[in-house]
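For reference, the structure discussed in these notes is given below.
The values are calculated or read from the model by the stated rules, or taken from the named source; none is laboratory data. Bear in mind that the values here come from a model prediction, so they are computed numbers and not experimental data. Cβ: placed from backbone, ideal geometry, glycine included. Neighbour counts: every protein chain shown. Heads up: the accessible areas ignore ligands, DNA and RNA and are worked out on the full protein's heavy atoms, side chains in. Shrake-Rupley method; radii C 1.70, N 1.55, O 1.52, S 1.80 Å.
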Amino acid sequence: MLRGVVTKSTGSWYKVRLENNSEWNCRITGKHKLFGWQLTNPVAVGDYVMVDQEGATEQGVIKQILPRKNYVVRQSPRQKHQLHLLAANIDQACIITTIVQPNLKQGFIDRFLLMTEPYNIPVIIVFNKSDLFEKEETETYNEMKDLYESIGYEVVKTSTLTEENFDYIKSLFKDKTTLITGQSGVGKSSLSMGLEPTLNLTTFEISDFSGKGQHTTTFAEMHHTSFNANIIDTPGIKTLSFNHLEPADIAHNFREIFLESANCKYANCMHMNEPGCAVKQAIELGKIHELRYQNYLQIIEEVEDQNYWERHKDY
Ligand SMILES: Nc1nc2c(ncn2[C@@H]2O[C@H](COP(=O)(O)OP(=O)(O)OP(=O)(O)O)[C@@H](O)[C@H]2O)c(=O)[nH]1
Ligand SMILES: [Mg+2]
Ligand SMILES: [Zn+2]
């Protein structure tokens, strides 16, 4: 058997880069689960695997998935009761977002952070298309930068047209494996290509009508760059739901809310209407941002609704 890393995942076959740098197309057999949940893709980009050659050409079968140091997993958008692995064994994640074209969806940032917090994966939030920023957009950017930096995430703006901060972003990516994520049309593939012009990825004009992306990238793929970075370009995410989580998981993974909750009167405080809630007090004092709390409440509500229907579905 040979050891390699998965560089592309389509859900039915996988590209595996072996230690001698050759790339094989591989399939996998058997059923694979994560915490009893079925996976739409048992192997993720970034997974280390053992493969056996199959046939004479560069084809193989994945026989074993080696233990993961971390992974990013979401509820499958198509199969509600399955999980989808975005990537494994990453050093950091980079959320690409925009203020305009498409409009900022701050809730998406908070939802994405729920997937990286359990493993304390460092996150860089990149605001792309800074060439389109006018006064109002710059103000929004500064507010977002203050908010996310205050809770410990790196925030930087860039533009694939002006190449603002490209050197800095390259220095952040160098010697690391970075998962690039974000909604469709924000410029994930454009940024990967801007940083590494030898890459040849497909990008697409966002539709003028809706301002939405077209979901141009369809499979996750890891690219190695000349400045020794592994960049994982991924398809745009439409929505992120968290059926597989409990309300307490949400409370634990909003970083600043969790920190403050040590001071709540009740150990199991969910920061709704309980007396002596330190989180609500921190919001009033401006220590916790109201937008983060609103997103927290909304996700808790979704998860609770979901759990309710799950428990009662047989009646
Ligand atoms: N004005 C401006 N347009 C940009 C910038 N970066 C990317 N674009 C444009 O945004 C559109 C979408 O870019 P893509 O790189 O395909 O976006 P993506 O995030 O990879 O989209 P999906 O693959 O669908 O998830 C293209 O028309 C790009 O030319 C930027 O910095 N400024
Ligand atoms: Mg793309
Ligand atoms: Zn509380």
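Could you tell me the calculated FRET efficiency between M50 and R255, based on Cβ-Cβ distance and R0 = 35 angstrom, to the nearest 0.05? If you can, show how the numbers build up before the last one.
Details: r = 36 Å, r/R0 = 1.03.
Working from the Cβ atoms, E equals 0.45.
How large is the dipole of the chain about the Cα centre if only Lys and Arg carry +1 and Asp and Glu carry -1, each at its Cβ, rounded to the nearest 20 debye? Don't skip to the answer; put the middle values down first.
Working: 32 positive and 40 negative charges, 215 e Å.
About 1040 debye.
Once you put a point 7 Å from the Cα of T138 and another 7 Å from the Cα of L201, both along the Cβ direction, what distance in nm separates them?
Rounded to a tenth, the inter-label distance reads 2.9 nm.
Which of the listed residues, I151, Q79, G107, is farthest toward the dipole's positive end in segment 39-173, when Lys, Arg count +1 and Asp, Glu count -1 at the beta-carbon?
Most positive-ward Cα: Q79.
Would you pull out the residues with amide H under 5 Å of Q82's amide H, same chain only if 5 or more places away, H placed 1.01 Å from N?
Amide H neighbours of Q82: S76.
How charged is the neighbourhood of R3? Take every other residue with its Cβ under 12 Å from the Cβ of R3, and add Lys/Arg as +1 and Asp/Glu as -1. Don't skip to the answer; put the middle values down first.
Numbers: positive: R17, K63; negative: E19, D47, D52.
Around R3, the surrounding residues sum to -1.
What is the ratio of the Cα radius of gyration of segment 90-233 to 2.2 N^0.38 Å, where N is its residue count, to two decimals?
On the way: Rg = 14.2 Å, N = 144, 2.2 N^0.38 = 14.5 Å.
Ratio of Rg to 2.2 N^0.38 Å for segment 90-233: 0.98.
So if the hydrodynamic radius of segment 224-283 is defined as the Kirkwood radius over C-alpha pairs, what does Stokes-Einstein give as its diffusion coefficient at 4 °C and 1.567 mPa s, in µm² per second? Display every interim value, and only then the final one.
Working: Rh = 14.4 Å.
It comes out at roughly 90 µm²/s.
Can you list residues whose amide H is under 5 Å from C277's amide H, if they're 5+ apart or on another chain and H is modeled 1.01 Å from N?
Placed amide hydrogens put K265 under 5 Å from C277.
Please give, to one decimal in nm, the separation of the simple spin-label points placed at R3 and K33, each 7 Å out from Cα toward the Cβ.
Between R3 and K33, the simple spin-label model gives 2.9 nm.
Modelling each spin label as a point 7 Å along the Cα-to-Cβ direction, I'd like the Q294/K80 distance in nm, to one decimal.
Simple spin-label model gives 2.7 nm for this pair.
Sort H224, H244 by accessible area with a 1.4 Å probe, largest first. Walk me through the numbers before you get to the answer.
Values: H224 100, H244 40 Å².
From most exposed to least exposed: H224, H244.
Past 26 Å, Cα to Cα, is the threshold; run K33/K80; K80/K287; K129/K238; K238/K265; K69/K174; K174/K287 against it and keep the listed order.
Working: K33/K80 15 Å; K80/K287 36 Å; K129/K238 19 Å; K238/K265 38 Å; K69/K174 19 Å; K174/K287 34 Å.
The answer is K80/K287; K238/K265; K174/K287.
Normalised by the number of residues in the chain, what is the relative contact order in percent for Cα pairs under 8 Å and 6+ residues apart? Could you put the intermediate results ahead of the total?
Numbers: 594 pairs, mean separation 43.9, N = 315.
It rounds to 14 percent for the chain.
Once you sort the root eigenvalues of the Cα gyration tensor of segment 247-312 as a ≥ b ≥ c, which label holds: rounded (a/c under 1.5), prolate (a/b larger than b/c) or oblate (the other case)? Don't jump to the answer; show the numbers that get you there.
Working: a/c = 2.22, a/b = 1.68, b/c = 1.32.
Taking the square roots of the gyration eigenvalues as a ≥ b ≥ c, segment 247-312 is prolate.
Ignoring ligands, DNA and RNA, please state the percent of accessible area on segment 2-67 from carbon and sulfur, probe 1.4 Å.
Reported share for carbon and sulfur atoms: 47 percent.
If r is the Cβ-Cβ distance from E19 to N273 and R0 is 51 Å, what FRET efficiency results, to the nearest 0.05? Can you show the working numbers first?
Values: r = 57 Å, r/R0 = 1.11.
That pair, E19 with N273, gives E of 0.35.
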